[in-house]
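First comes the structure, then the notes that go with it.
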Amino acid sequence: MKVKRVQETKINSVDFENLVFGKTFTDHMFLCHFRDGKWQTPEIKPYQALTLDPSASVFHYGQAVFEGMKAYKDDNEKVWLFRPQENFKRINLSAKRLQIPEFSESYFFEGLNTILQLDQEWVRPGSGNSLYVRPFVFASQPSVQASASMEYTFMIICAPVKSYYSGGEINVLIAEEYSRAANGGVGYAKAAGNYAAQFYPTSEALKKGFQQIIWTDASTHEYLEEAGTMNIFFKIDGTLITSPTNDRILDGITRKSIITIAKHEGIPVEERPIKISELKEAHKNESLEEVFGTGTAVVVLPIHSFSHQETSYTLPKQTPLALKLKEKLVNIQYNASEDPFGWRQAVN
Ligand SMILES: Cc1ncc(COP(=O)(O)O)c(C=O)c1O
């Protein structure tokens with residue numbers, strides 16, 4: 001790997017107390033090109049703008065996938081990743097579905113470790129602070145031919161972040177008209193277009209005062225599936241319920257970690273389809289105790305109300321299980337507790 005360091009860090013110009021999510025980037029970036037049928041020598045260089053031909057395939061056909069992961073710093077200034085192998089597997093799963101060549105494991109981890117070592121000062125210790133790591137691949141061949149590109153660019157960029165939401169109530173709208181993903185589609189992949197397709201319905205929901213949409217199955221709009229960038233859990237009568245993953249739902253790493261921790265804590269967990277009618281019924285008979293989303297950016301996010309067919313349903317203010325599971329998970333991520341599942345990986 002070729003490494004070119006910055007001459008001078010820009011870290012001193014960053015206000016770490018007032019970071020806007022995903023707007024500030026570290027000093028370096030990782031880059032690797034796919035050409036002539038193979039991935040070329042990867043490089044790390046100062047973070048900078050790219051030059052792309054206007055005909056680059058990604059601009060026209062959206063052939064692009066990405067990942068989202070975080071690096072955490074413990075009280076001894078040691079940097080940790082959380083289940084990075086899962087992100088590596090998932091980006092290649094996404095790539096396969098989008099006809100993008102799979103990326104090499106050794107390049108991925110060498111790139112990740114090197115950039116995190118170079119930019120380790122950007123990982124701030126302390127609760128809520130982390131470095132959001134964004135690996136992504138896009139079709140960079142200069143051609144408007146509507147077929148899979150022959151050239152790709154794989155990159156990793158990193159952004160220091162604080163907690164995703166500043167606090168306050170999270171009210172969600174259950175989707176009745178629009179769909180995020182369909183059977184046989186790309187919903188399970190972190191394909192760029194999945195997110196672009198959500199922006200319009202989500203902005204309409206924001207105008208009505210909701211922070212997120214809960215997506216339902218595209219065929220009937222009867223089953224609760226996932227939120228914008230979160231999987232979703234319901235605690236009904238002491239049992240935690242979440243939809244099973246399928247080809248419409250992203251197999252969230254936080255989701256599977258929360259399921260494991262909950263089971264380890266003796267909490268019954270059911271991965272099964274859950275209908276909106278069941279949720280409303282549980283709300284009516286007061287057995288609906290908590291609703292929360294899970295994802296790398298938010299970790300665990302309690303939801304305060306949901307709305308469906310113009311009716312709003314308020315949830316209990318207290319969400320002890322969400323908070324307990326979040327604390328357990330965060331303590332593992334920040335090396336503040338034992339890691340009984342072997343999820344932490346030191347950056348070395
Ligand atoms: C659509 C979608 N669902 C769920 C998640 C949560 O996945 P993870 O826990 O791996 O971040 C994300 C975020 O990555 C997402 O984009």
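The values are calculated or read from the model by the stated rules, or taken from the named source; none is laboratory data. Computed from a prediction, not measured in an experiment: that's the story for all the values here. Glycine also receives a Cβ, built like all others from the backbone with ideal geometry; neighbour counts cover every protein chain displayed. For the accessible areas, the whole protein counts, side chains as well, though only heavy atoms, and no ligand, DNA or RNA atoms are used. Shrake-Rupley method; radii C 1.70, N 1.55, O 1.52, S 1.80 Å.
Brief remarks follow.
- Scanning segment 266-289 for residues that are touching a Pro at 6+ places or on another chain (Cβ under 7 Å), part of a loop (DSSP other than H, G, I, E, B) and open to solvent by less than 60 Å² (accessible area, probe 1.4 Å) gives no hits.
- Unique match (being under 26 Å from A192 (Cβ atoms) and assigned to a loop (DSSP other than H, G, I, E, B)) among T24, T9: T24
- Scanning segment 302-314 for residues that are in a loop (DSSP other than H, G, I, E, B) and within 17 Å of K275 (Cα to Cα) gives a single hit, Q309.
- Strands (runs of 3 or more DSSP E) lying entirely in segment 93-184 (those with 1 or more residues that are closer than 26 Å to I11 by Cβ): 130-139, 152-161
- Filtered residue count, segment 232-260, keeping only those that are away from the ligand (no atom under 13 Å from the Cβ) and touching a helix residue (DSSP H, G or I) at 6+ places or on another chain (Cβ under 7 Å): 4
- Counted residues, segment 168-189 - those being under 30 Å from V123 (Cα atoms) and open to solvent by less than 50 Å² (accessible area, probe 1.4 Å): 2
- Which listed residue, of G62, G111, G68, is on the phi > 0 side of the Ramachandran plot and of a type in the set (G, A, S): G62
- Flag for I259 being surrounded by fewer than 18 Cβ atoms within 10 Å (Cβ to Cβ), at pLDDT 95 or above and of a type in the set (A, V, I, L, M): no
- Boolean, G126 is open to solvent by 10 Å² or more (accessible area, probe 1.4 Å) and assigned by TED's automatic domain parsing to the domain that holds I11: yes
- Residue count for segment 59-82, restricted to those that are under 16 Å from the mean Cα position of the chain (by Cα), assigned to a loop (DSSP other than H, G, I, E, B) and surrounded by fewer than 21 Cβ atoms within 10 Å (Cβ to Cβ): 1
- Here T220 fulfils each of the conditions (1) closer than 25 Å to G342 by Cα; (2) part of a loop (DSSP other than H, G, I, E, B) apart from (1).
- The listed residue being outside any loop (DSSP other than H, G, I, E, B), more than 30 Å from N113 (Cβ to Cβ) and basic (K, R), out of K263, K317, K326: K263
- Yes/no for V14 being open to solvent by 40 Å² or more (accessible area, probe 1.4 Å) and of a type in the set (A, V, I, L, M): no
- Qualifying residue in segment 220-231 (condition: farther than 13 Å from K275 by Cβ, hydroxyl-bearing (S, T, Y), within 14 Å of the ligand (Cβ to nearest atom) and modelled with pLDDT under 95): yes
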